[in-house]
Amino acid sequence: MTSPLVSITRDIPGTPSIPGATLRIAPAEPQMSRAQLLEFIRGSSVIVSMFHDKVDDEFLDAAGPQLKGVCNFAVGTDNFDLSACRKRNVLVTNTPDAVTEGTANIAFALMLDAARRVCEGDRFVRAGKFERAGNIFPTGWLGVHLTGQTLLIVGAGRIGRAVALRGLGFGMKILYVARSTHPDFEQAPLAAQRIDLDDGLRRADFVSIHTPLTPDTRHLINAQRLKLMKPTAVLVNTARGPVVHEQALADALKAGTIYAAGLDVFEFEPKVNPDLLTCDNAVFTPHIGSAERRYREQMTAMVCDNARSILAGERPPNLV
Ligand code: 8YV
């Protein structure tokens, strides 16, 4: 009897291993086209997918009827047509927890950078402008402070909580937006207050987005909502790009409707709105929220464990 095939659609860190299975790992370069991806997954019993692989009817048909599960190398599952998976009895898993700390760290890095103009300063120094300008006057390069400021967390999951805890360390007051009350946000140490999104945007000095992408959250932050924010406010998005209307954000940054933004995710990733790229008051990273070696290796261990359970006919630990 031949061993079941597990296809991993991108090179992943650490040493993926699934006893009894044949592993096929896509090379890091060159990146596969959709047609090549569909060919690559043919005959798989389990597929380890990336957040940018659209797992839909076409994908599931290309894999074939022997497919038992798809293990996403991500916590987000907005790349899945879950009902198409359910129809075929294909199990879906993700990697919660492993992405929490890394993503919270990048959110905070972007928050500090946007507030204190770190990357803008870096560009200034590298371009020789510091040397040409001479010493900076006390009125130059003024940023916004964090201590005592209000941080609004949109989406009260694990990552939102980890960002709120970091905010607490900076002496920030925490507000949160969620569909229901979250005792872990309201209890000590966060003592956060739940608020309606529009009121929260009016009150916040910093807004950090941590909601999954769903039909309800697409363009949650649009032109109208950006207008509710303070002109001194900073917006950070490390969740999914389409939660923010990117053109409206570029317009708000240019008009000074808000002070600055920090983005790890983009509406049409990996494309970035050209107007955004011209905004000196925006700072970007290329969707690397969870990219801390320790946690990426944990994600590898999780997808392997989920795949092993699926092949063994057990309930996988991170079933979606
Ligand atoms: C990516 C993410 O999966 O967990 C998610 O939902 O978007 C990220 O952690 C990661 O960048 C791997 O490509």
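The helices (runs of 4 or more DSSP H) found entirely in region 135-227 that carry 3 or more residues being of a type in the set (A, V, I, L, M) and at pLDDT 95 or above are 158-169. Looking across region 52-89, the residues that are more than 14 Å from LEU38 (Cα to Cα) and either in contact with a helix residue (DSSP H, G or I) (Cβ under 6 Å, 6 or more places away or on another chain) or polar (S, T, N, Q) (or both) come down to GLN66, LYS68, GLY69, CYS71, ASN72, PHE73, THR77, ASN79, SER83, ALA84, ARG88, ASN89.
Table: residues versus (1) within 15 Å of the ligand (Cβ to nearest atom); (2) not hydrophobic (A, V, I, L, M, F, W, C).
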{"position": "GLN31", "(1), (2)": "yes, yes"}
{"position": "VAL48", "(1), (2)": "yes, no"}
{"position": "ASN72", "(1), (2)": "yes, yes"}
{"position": "ALA98", "(1), (2)": "yes, no"}
{"position": "GLY102", "(1), (2)": "yes, yes"}
{"position": "PHE108", "(1), (2)": "no, no"}
{"position": "MET111", "(1), (2)": "no, no"}
{"position": "ALA115", "(1), (2)": "no, no"}
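Only one entry of GLN193, GLN149 meets the criterion of being out of contact with any Cys (no Cβ under 8 Å at 6 or more places or on another chain) and open to solvent by 60 Å² or more (accessible area, probe 1.4 Å), and that entry is GLN193.
On the stretch given as region 243-271, residues that are away from the ligand (no atom under 13 Å from the Cβ), out of contact with any Gly (no Cβ under 9 Å at 6 or more places or on another chain), without any contact (Cβ under 8 Å) to a residue 40 or more places away in the chain and of a type outside the set (Lys, Arg) total 14.
Does ALA63 meet the test of being of a type outside the set (Lys, Arg) and open to solvent by less than 20 Å² (accessible area, probe 1.4 Å)?
When the stated conditions are applied, ALA63 passes them.
Of the candidates THR93, THR77, the single residue that is among the β-branched types (Val, Ile, Thr), crowded, with 19+ Cβ neighbours inside 10 Å and touching a Cys at 6+ places or on another chain (Cβ under 8 Å) is THR93.
Check VAL125, VAL177 and return the single one that is farther than 17 Å from ASN281 by Cβ and open to solvent by 80 Å² or more (accessible area, probe 1.4 Å).
Numbers: VAL177 fails: open to solvent by 80 Å² or more (accessible area, probe 1.4 Å).
Checking each option against the conditions leaves just VAL125.
No other residue among THR139, THR95 is in contact (Cβ under 8 Å) with a residue 24 or more places away in the chain and on the phi < 0 side of the Ramachandran plot apart from THR95.
For the condition surrounded by 13 or more Cβ atoms within 10 Å (Cβ to Cβ) and among the basic types (Lys, Arg), what is the one hit in ARG34, ARG24?
Values: ARG34 fails: surrounded by 13 or more Cβ atoms within 10 Å (Cβ to Cβ).
None of the other options fit; the residue is ARG24.
Do the conditions hold for VAL90, that is, is it more than 30 Å from VAL236 (Cα to Cα) and within 15 Å of the ligand (Cβ to nearest atom)? For VAL90, the condition - more than 30 Å from VAL236 (Cα to Cα) and within 15 Å of the ligand (Cβ to nearest atom) - is not met.
Restricting to region 279-290, and then to whatever is surrounded by fewer than 17 Cβ atoms within 10 Å (Cβ to Cβ) and within 11 Å of the ligand (Cβ to nearest atom), can you tell me which residue is nearest to LEU263 (Cα to Cα)? Among them, the one singled out is PRO286.
Residue by residue, here is whether (1) among the aromatic types (Phe, Trp, Tyr); (2) within 26 Å of ALA156 (Cβ to Cβ) holds:
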| position | (1), (2) |
| --- | --- |
| PRO231 | no, no |
| GLY241 | no, yes |
| GLY256 | no, no |
| LEU263 | no, yes |
| PHE266 | yes, yes |
| VAL272 | no, no |
| LEU277 | no, no |
| ASN281 | no, no |
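The values are calculated or read from the model by the stated rules, or taken from the named source; none is laboratory data. Predicted, not measured: the structure shown is a model, and the values here were computed from it. Cβ: placed from backbone, ideal geometry, glycine included. Neighbour counts: every protein chain shown. Keep in mind that these areas ignore ligands, DNA and RNA; they rest on the heavy atoms of the full protein, side chains included. Shrake-Rupley method; radii C 1.70, N 1.55, O 1.52, S 1.80 Å.
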